[in-house]
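The numbers here are math on the coordinates, done by the rules we state, and not lab data. Quick caveat: nothing in here was measured; it's all calculated off a predicted structure. In this analysis, Cβ positions are derived from the backbone assuming ideal geometry, glycine residues included, and neighbour counts consider all displayed protein chains.
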Amino acid sequence: MYGSTRVIFAISAFVVAIAPAARADAIADSNLCYAQFSTGDYKAAISYCSSAISSGELEDPDLIAALINRGVAYKNVGDLAAAVNDYTRALRIAPADALVYQNRANALREMGELDAARADIDRALEIDPERAAAWYVRGEISLAERDTDAAREDFRAALNLEPENEVYKEKFLGLNR
C-alpha cells in the first residue's frame, strides 16, 4: 500500500508540474502571436494565436487578447469572416468590451455589412464615448453609407479626442476641402 501511495503521489506531482508549463506555453504562444505584428507576419500570428486558443489553458483575459489579436491578423490577411468570428467569440466572454465591438464593426464594414457594423460601433461608443478610434470607425461607416456630413462629424469627434493623430486629421481635413 505504501508503494502505491508513492506512485500516486509521484503521478500527482507530475501532473501538477505539467499544468503550469502548459499554461506557460499557451501564454508564450499568445505573446509570440502578438510579437508577429511588428514583423508583419500575420500568418504566423494566426498560427501562434490558434495554438494558444486551442490549448484551453488561457484564462479569460488572455483568451480575449488572443482572440482579438487573431481577429486582427485574420483581418490583415483578408479573412474578414474569421475575424468577425473571433470578435464574436470574444464578445461572448466580454460583452461590454468597446474595443471588440469597434474591431468587429470595422471588419463588418469591410464586408459591406453596414447595418451590423453601425450597430456594433454605436454599442462601442455607448460603452466608451471617449474612444477616438471608435469615432474614426464610425466615420468610415458613415462614408460607406455615403453620409459625408455624418462622417465629417465623426472624424471631428475622433480628432477632438486625439488632436495629434495624423490619420484622423487627414480624414477630417480631406472632407473639408
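Values as computed for the structure displayed
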{"quantity": "FRET E, pair ASP147, ALA28, Förster distance 45 Å, beta-carbon r, rounded to 0.05", "calculated": "0.50"}
{"quantity": "Residues of type aspartates and glutamates that LYS75 reaches as a straight line, Cα spacing below 12 Å, ignoring anything fewer than 8 places off in the same chain", "calculated": "ASP86, GLU110"}
{"quantity": "Whole-Hz couplings from phi, Karplus 6.51/-1.76/1.60, listed for the range 170-176; x for Gly and Pro", "calculated": "4, 4, 5, 5, x, 8, 10"}
{"quantity": "Length released on extending from ASN165 to THR39, taking residue separation times 0.36 nm less the Cα-Cα span", "calculated": "43.1 nm"}
{"quantity": "Global size of the chain as Cα Rg and Dmax, reported in angstrom", "calculated": "21.3, 87"}
{"quantity": "Under Karplus coefficients 6.51, -1.76 and 1.60, residue-wise ³J(HN,Hα) of the range 137-147 in Hz, glycine/proline x", "calculated": "4, 4, x, 5, 5, 4, 4, 4, 7, 6, 10"}
{"quantity": "Ranked LEU143, LEU63, criterion: other C-beta atoms within 10 Å, fewest first", "calculated": "LEU143, LEU63"}
{"quantity": "Net dipole in debye of the chain [+1 Lys, Arg Cβ; -1 Asp, Glu Cβ; about Cα centre; nearest 20]", "calculated": "360"}
{"quantity": "Two-site label geometry, GLU59 and MET111: point separation in nm, points 7 Å out along Cα→Cβ", "calculated": "3.2"}
